[in-house]
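Right, one structure below, let's go through it.
The values are calculated or read from the model by the stated rules, or taken from the named source; none is laboratory data. Just so we're clear, the structure is a prediction, and the values are computed from it rather than from any experiment. With ideal geometry, Cβ positions are generated from the backbone for all residues, glycine too; neighbour counts draw on all protein chains shown.
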């Protein structure tokens, strides 16, 4: 039944067939059940019965959960259990069934072998061969990462789809023999065989075989601060590496725990060779003045003390504040300045903000300051100088750096898939960078001062970003982001009023005054009430389509489904690869029957599945086909656990002059609460029935 051999459809139908065989098998073995309450229970019989019952339960749960995520064999049962739960449980139970089946077979080996009259030499030869194959099997089991599946540490199976069917079956057979060997050895000991020593020696031989294979193939762990493998000395400018110092400047009269970064020159942005870079990360040499930075993201406790309440999806004094807008962050910085007796950095009039750069008060970092602090003297994608794993940062740990193109062979990755916590964690929970800062990668994104725009190659000394814009930059990635979107150079962007469960702030303050003021003018938001609305959506598996139809039912708005001239594959595994390849290349797939114009619409309700933590590329094709300046785009997104990912940023960048409304994220199909959730979302966006 190996998934990468059978494909999705055949995999499901084989599962249905095995379920039918299981039912038939137990009907034919009804006498065994009737005998359970009879006779004496020896240790051997007790273990045999326990293994059989556990095997039955594991196979039954495998089948039940498999049907709950079936898209081909029994699609009418899809969703009878929560899909994310069913997927992870199906994966775990299928491997437990495999293990228990091997042990079950092994426990029967002594009985089956009793009828053969083999000489001692033959028995020894067979035992040696079995030990060798079992050793290989145990080695393959340890190497495959199956332990992550059986202990519910991973909801997805990371399989090698490049292996031939023969190799896949051979490896699975060796692992099955390993557990059968273990069961057979236990049976021989439990049934009171006199020659115990040969059994023990055979087990030891299998263990030694597995251990030797493991030791000869194990790669040494890389040092987080070691030079990246294969990296040669470069002629590129070297990052300055100031040591964090005690406060000692004209603005040094505070004991607030902030760290002084002496400033210097560094390479901002990413090289063209960096995987998953985006064109807006153009590299340039930037020089910064000294500044102080909070080693931690702002906590809910600190924010609530000054602002009266702490908004957000998660609750805890030491958790980072989140779901605050850029304007909220600016107002908090001023409140903290006033509380400390400092001159506020910002003058706020309505939504217009002017930054007095000579003030000594708290403020948001510029984008350049943020990246300088994050990099901490490094030039690699992450400040660890290697790929981040889930033990080093709080992010969507199932998706480490470069998982997209290696989804079915994660063994080649520098960081393997790990834990997805699905929540923020207390600030400072992970390692500190070289410069003593925490959570620069992950936990929550962090607002910066700058308007989003192309870097000015001539503005390289204490740059403050574009002179005007509609989106502000935020950096660092959050608890539900993929690692590719937590790189030191990655730039996210959102409206000044954007609030998100993975978006917070970290404050800085200047170490010396600068002679300049910078103004960020607020946006004028158009009223959506009364305008004509279009629902435009792309759907692959049907979840987003179902959401779109419910929205149409409640609004009466026009409906347009984005379909492709060259459709994606209907096979889940194939479309995973097609989607990431399109995203990697930033492809723009052709769309069927696009409306000539959207001029008659004021509001676009834009629906899509979250693919690889962003929008599917057909959505990019749709947005680039029209000028939506001045219109309101209200996103709705179906997802499997990552909410919007960085899809809101992708839309904001593609349509910089459109207003982005409050989005709706729907877990898979939304369940029975979908109509109520949609009604509340429409009300928040002032969208009424047409």
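General remarks:
- Just one of the listed residues (497, 515) is surrounded by fewer than 16 Cβ atoms within 10 Å (Cβ to Cβ) and either over 30 Å from residue 345 (Cβ atoms) or more than 23 Å from the chain's Cα centre (by Cα) (or both), and it is 515.
- Where residue 41 falls short, out of the listed (1) without any contact (Cβ under 8 Å) to a residue 24 or more places away in the chain; (2) closer than 30 Å to residue 87 by Cα; (3) touching a helix residue (DSSP H, G or I) at 6+ places or on another chain (Cβ under 8 Å): (2)
- From the list 592, 610, the one residue that fits, being under 19 Å from residue 640 (Cβ atoms) and not assigned by TED's automatic domain parsing to the domain that holds residue 275, is 610.
- Candidate set: the range 657-690, residues that are within 26 Å of the chain's Cα centre (by Cα) and in a loop (DSSP other than H, G, I, E, B); chosen: the one surrounded by the most Cβ atoms within 10 Å (Cβ to Cβ): 661
- Among the candidates 332, 372, 292, 303, residue that is assigned to a strand (DSSP E or B), crowded, with 21+ Cβ neighbours inside 10 Å and modelled with pLDDT of 95 or more: 292
- Selected residue (only one of 594, 628 is surrounded by fewer than 17 Cβ atoms within 10 Å (Cβ to Cβ) and outside any helix (DSSP H, G or I)): 594
- Conditions (1) assigned by TED's automatic domain parsing to the domain that holds residue 594; (2) modelled with pLDDT of 95 or more; number of the one not met by residue 491: (1)
Table: residues versus (1) closer than 16 Å to residue 94 by Cβ; (2) at pLDDT below 75; (3) assigned to a loop (DSSP other than H, G, I, E, B); (4) in contact with a strand residue (DSSP E or B) (Cβ under 7 Å, 6 or more places away or on another chain).
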{"site": "141", "(1), (2), (3), (4)": "yes, no, no, no"}
{"site": "147", "(1), (2), (3), (4)": "yes, no, no, no"}
{"site": "159", "(1), (2), (3), (4)": "yes, yes, yes, no"}
{"site": "187", "(1), (2), (3), (4)": "no, no, no, no"}
{"site": "198", "(1), (2), (3), (4)": "no, yes, no, no"}
{"site": "202", "(1), (2), (3), (4)": "no, yes, no, no"}
{"site": "215", "(1), (2), (3), (4)": "no, yes, no, no"}
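- Condition met for residue 55 (under 24 Å from residue 153 (Cβ atoms) and modelled with pLDDT of 85 or more): yes
- Options 107, 24; residue that is touching a residue at least 60 places away in the same chain (Cβ under 8 Å) and either over 41 Å from the mean Cα position of the chain (by Cα) or within 30 Å of residue 642 (Cβ to Cβ) (or both): 107
- Residues in the range 271-314 that are free of Cβ contacts under 8 Å to residues at least 24 places away in the same chain and touching a helix residue (DSSP H, G or I) at 6+ places or on another chain (Cβ under 7 Å): 310 only.
- Taken together, the residues in the range 265-285 that are outside any loop (DSSP other than H, G, I, E, B) and within 14 Å of residue 491 (Cβ to Cβ) amount to 5.
- Selection count where residues are within 26 Å of residue 324 (Cα to Cα) and not in a loop (DSSP other than H, G, I, E, B), scope the range 433-471: 9
- The number of residues in the range 80-122 that are part of a loop (DSSP other than H, G, I, E, B) and out of contact with any helix residue (DSSP H, G or I) (no Cβ under 7 Å at 6 or more places or on another chain) comes to 7.
- Residue within the range 571-589 that is in a loop (DSSP other than H, G, I, E, B), at pLDDT 95 or above, out of contact with any strand residue (DSSP E or B) (no Cβ under 8 Å at 6 or more places or on another chain) and closer than 26 Å to residue 533 by Cβ present: yes
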